[in-house]
Amino acid sequence: MLQAKKNHSTILIEATSNQVDQFGGYTGMTPTVFVAYCREIARLLSFPFEKVILGGDHLGPNAWQCQNSKTAMANAAELMRAYLRAGFSKIHLDASMRCADDPADEHGVLPIEIAVERSAALCKICEEVFTSQTDFEPPVYVIGTEVPIPGGAKEQLGDLAVTRVDDLEKTIEMTRQAFLAKGLTSAWERVIAVVVQPGVEFGDDTIIEYDRLKTKELAGFIQGFNHLIYEAHSTDYQQPEALRQLVEDGFAILKVGPWLTFAFREAVFALANMEREWLGCQKSVTLSGILDALETAMITNPKYWQHHYHGDEARQIYARRYSYSDRIRYYWTVAEVSEALNSLIANLTEQPAPMTLLSQFMPAQYQAVKAGHIANRLEELIHHKIMEITEVYSTATRSATSIAN
């Protein structure tokens, strides 16, 4: 929101189906609570909430794949109702995952015929909720069954295959037919994007960079539609020039998540180093122990990282702290971690670290303080660190748009 406020622009904020659902998701927030959370941030920043677009990502049976399809789709239907009633207006219809009793095609994935039929069924539920409301804007939809794993790949990455145009054309046409068969002509006209694989991804310690030569056919294909663009997932850690090229090539919706929490983690670790160097020898000060608190929390409850980080114990220790996948993001709200973070903030608020330490551990923020752009306050230092990344996306989308115009 600070970035959007700086640019006088709108902002798209999305919640993923496993983060926020009718049961609370792993954040503990229902869609209604999440919207209230966003509204409160906007109020505190004096940011007009009408400039916030709320989206639901991977909405479908994603969180209930271990259950039979009937149960999973019933939960997915209620998920749709909860998102629409809360005010989400951009909906990614994702029924591409297999449930416990589902068949598989020759590649081991859910047959596309089933996936598009379920997507249309979920869209029909969204439309029913929308038409029963009087004060909501019509929702827009994102389709596509070739979807990267939410939060980054779990295994070592090789060379990713870019979506084949023949497969994409088939997906679009089959989805259109499924929509029309259910009387969703108006909804189809509000399908604004399709998720494809442009050949970008990140994993534990690997980044696959964008190569526009490999997407030349894809970029040309989407030009034949006057109402469709591409949505690119897992664009975290790409070069600024690559992000600009993605937008120019039709991948106009760029999804970013772990890169932002990675930057937050970097800021906290830098502050913990400053705390140790500045206050570690003062007997009257109890250090926060934030790094130890995080490690303890992750060892105590390993479910959010154990299927992502591999190798021996030393490798896993390293990954828990520094992986691109940033599974550490799941642990900031653990009570002991939250207390340690508050202690870190209190310690460095009462005795701010000197500029020399800021130069050592947060050099970009040091320059911003020297230039008078921000104050040497923890909240501003952390925000500035995260906005190093939001600025990259802002620049990429704005420069590409100006070139297109």
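Coordinate-derived values only; no laboratory data. As the structure is a computational prediction, the values presented were derived from the model and not from experiment. As a convention, Cβ positions derive from the backbone with ideal geometry for all residues, glycine included, and neighbour counts pool all protein chains shown.
Observations, loosely collected:
- With Cα atoms, 0 to 90° folded angle of helix 112-132 axis to the chain main axis: 80 degrees
- For the stretch 33-85 versus the stretch 206-254, the spacing of their alpha-carbon centroids is 26 Å.
- Highest GNM mean-square fluctuation among ALA181, ALA76, ALA371, for the chain modelled with Cα contacts below 10 Å: ALA371.
- Taken about its Cα centre, the stretch 1-109 carries a charge dipole of roughly 700 debye when the Cβ of each Lys and Arg holds +1 and the Cβ of each Asp and Glu holds -1.
- Of the residues SER96, SER338, the one with the fewest other Cβ atoms within 10 Å heads the list, and the complete ranking is SER338, SER96.
- Against the chain, whose longest principal axis comes from its Cα atoms, helix 335-350 is set at around 50 degrees.
- Spatial separation of Cα centroids for the stretch 176-205 and the stretch 266-327, in angstrom: 38 Å
- Which listed pairs, of LYS283/LYS370; LYS70/LYS124; LYS5/LYS255, have C-alpha distances above 22 Å, in listed order: LYS283/LYS370
- Remark: LEU228, LEU184 ranked as LEU228, LEU184, counting other beta-carbon atoms within 10 Å and listing the fewest first.
- Cross-link reach list, lysines versus LYS303, counting only Cα pairs under 21 Å and skipping chain neighbours closer than eight places: LYS154
- GLU217-CYS281 FRET efficiency (beta carbon distance; Förster radius 56 Å; 0.05 resolution): 0.35
- Sequence-distant aspartates and glutamates (8 or more away, or on other chains) whose Cα lies within less than 20 Å of LYS216: GLU146, ASP159, ASP166, ASP167, GLU169, GLU201, GLU231, GLU241, GLU248, ASP249
- Considering only Cα atoms, the convex hull volume of the stretch 261-388 works out to 110 Å³ per residue.
- Rounded to 10°, Cα long-axis angle of helix 313-322 versus longest principal axis of the chain: 90 degrees
- With Cα atoms as the point set, the radius of gyration and Dmax of the chain evaluate to 22.3, 73 Å.
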